[in-house]
1. Stick to Cα atoms and the Kirkwood definition of Rh, then tell me Rg/Rh for the range 218-354.
2. Would you mind giving the average projected area, over all directions, of the Cα convex hull of the range 249-295 in nm² with one decimal?
3. Tell me, what ³J(HN,Hα) does each residue in the range 109-118 have, in order and in whole Hz, if you take phi through Karplus 6.51 cos²θ - 1.76 cosθ + 1.60 with θ = phi - 60° and put x for Gly and Pro?
4. Using 0.36 nm per residue, how much length does the chain from Arg64 to Asp393 gain when fully extended, once their Cα-Cα distance is taken away?
5. In the structure displayed, which of Lys78/Lys465; Lys224/Lys299; Lys282/Lys429; Lys312/Lys394; Lys342/Lys490; Lys282/Lys342 lie more than 23 Å apart, Cα to Cα?
6. Where in the range 108-134 is the amide nitrogen less than 20 Å from a point lying 7 Å along the Cα-to-Cβ axis of Arg17?
7. What is the calculated FRET efficiency for Ile89 to Leu293, with r their C-beta to C-beta distance and R₀ = 51 Å, to the nearest 0.05?
8. Can you tell me how the range 435-501 classifies by the Cα gyration tensor, rounded, prolate or oblate, using a/c under 1.5 as the rounded cut?
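The values are calculated or read from the model by the stated rules, or taken from the named source; none is laboratory data. Note that this is a predicted model, so its numbers are computed, not measured. Here Cβ is always computed from backbone atoms with ideal geometry, including for glycine, and neighbour counts include all displayed protein chains. Note: areas computed on protein heavy atoms with side chains; ligands, DNA, RNA excluded. Shrake-Rupley method; radii C 1.70, N 1.55, O 1.52, S 1.80 Å.
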Amino acid sequence: MSESKLWDDPRVVRGMRAQLALRRERIAAGDKALGWKVGFGAPAMLEQLGIAGPLVGFLTQNARAQSGATVSLVGWSKPVAEPEIAVHIGRDLAAGADAATAAAAIAGISPAIELADVDAPPEDPERILAGNIYQRHVVLAGARPARVGSSADGLACRLIRHGREFAKTSDPQANTGETLVTIDGRPLPPSDHGLDSEGLVALPDGTFWVSAEYGPFLIHFDAKGKELERLSPFNGTLPRELSLRSPNQGMEGLTVTPDGSTLVGIMQSALATPGLEGSAKKVPLTRIVSVNLATKAMKEYLFPLANPQDTKVAVSEITALSDTEFLIDERDGELQPGANKKIYIADISKATDVGPNATVPGATYRADAGGLQVEGQPIETVVGVTTDAAAVDKLKSLGITVASKTLKLDLGALLTELNNKGEFFGHDKIEGLATPDGGKTLVIANDSDFGVAGITSDTPPFKLKPKTLANGRQDSGEFLVVDTTKLPAKTQSKTVSIKVG
């Protein structure tokens, strides 16, 4: 993403000139100004477009539709109805106003529905801006005075069609900017009923918890799959800083302590905290998060990653051995042979809590600024892109002890030793990890991505590309059971005679 200011981007300058000319033309023809739309501000979309901030488009009175009105779609290419949040400003703001001044000017917040026409793929900022960022119509509710000066946290907008809900936004900030499309490229509406589930914990009472990568969220379901509760960084039930996860790098693993009292999750990689220089996926640490099921008390601990700027490793799973010890995997995204897949035992018994209740000397916790502040900055920003050893030493000097880690199994080396062609359990994604006997036996599962490696081109109709392993087969789900008491492994060959007829 560009490091320059958004308004220094020549594509943005040209696009805004065209957009403002269109706005002046409509107002000169008798239309009236209504407001502005902000879009494309999610981290994934900023990176995709190569821009340093969100884009804006204008709203006018003629584009406003009343609830229940009929809108013609003649001439539209790909109409989309999206639940939105409308912020009603009660007084003018000077350019460069700070966040507190802007919040004080809010006269109310309400749900809205935007009707957009995605007539071209969102690839070029200049074209997006010149087309008024796809905006066609908007349905606005009146401002709610109860939310004067407040935030949109907890505000839900539901989209109903023929009496049935088919889209809803409950945590707008959880969006990563990615767009769901059909095989023909037609955009699909987002829905909080869809989860990118990663971790699963089943409880003795028949209920279960799921960790969702986006958000990230921890969701509690009953035995029939009905949602009972949701822990979220946007309402204070999870640490706010977790919302700074990079796309596809959220709450990847989830477990429960043996006594059933505490959920323990782990983020896939470091958080993209304010001021961080470089990619968060290259910062050599991630966060373990615990939640007491009875009190909902939260704690956070740091887990060092083995030099991800070089190894490109991240975490996929966590499994409890005790209240303080856990099996944690680190893996790259490469197929066998020679891939980097390791399983560690992590111990948090002496690790420092860096969450909302942290008591690190000289540090302060700011939920709106990336969590615990050391040396005036959030942890990931202070550590930066460096080695794991340097990160551990830096944090120690600041009074923070990370979780200890001991290598349990070098899975990548074991698999390469068993078959140097990568034809035995040669998967790229090791994402499941369980043990029936306290860590002696490891049951390892892969994520096959349904056997799909991606698409063959960016032009619809899309064609899927199969994920093919070294043995020539399309990837599928598989379990590997490793008895660590019998390592190092030995291979054996046997000849079987078959007589036919």
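1. On the way: Rg = 15.3 Å, Rh = 15.7 Å.
Taking Rg over the Kirkwood Rh, I get 0.97.
2. Working: hull surface 16.1 nm².
The directionally averaged projection comes out at 4.0 nm².
3. After applying 6.51 cos²θ - 1.76 cosθ + 1.60, I find 10, 8, x, 8, 10, 9, 9, 10, 10, 7 Hz.
4. Working: separation 329, 0.36 × 329 = 118.44 nm, distance 5.73 nm.
Here the segment from Arg64 to Asp393 would lengthen by 112.7 nm.
5. Listed pairs above 23 Å: Lys78/Lys465; Lys224/Lys299.
6. Taking a point 7 Å out along Cα→Cβ of Arg17, the residues of the range 108-134 whose backbone N falls under 20 Å are 124-133.
7. On the way: r = 42 Å, r/R0 = 0.82.
Given R0 = 51 Å and the Cβ-Cβ separation, E is 0.75.
8. Numbers: a/c = 3.50, a/b = 1.47, b/c = 2.38.
The shape class here is oblate.
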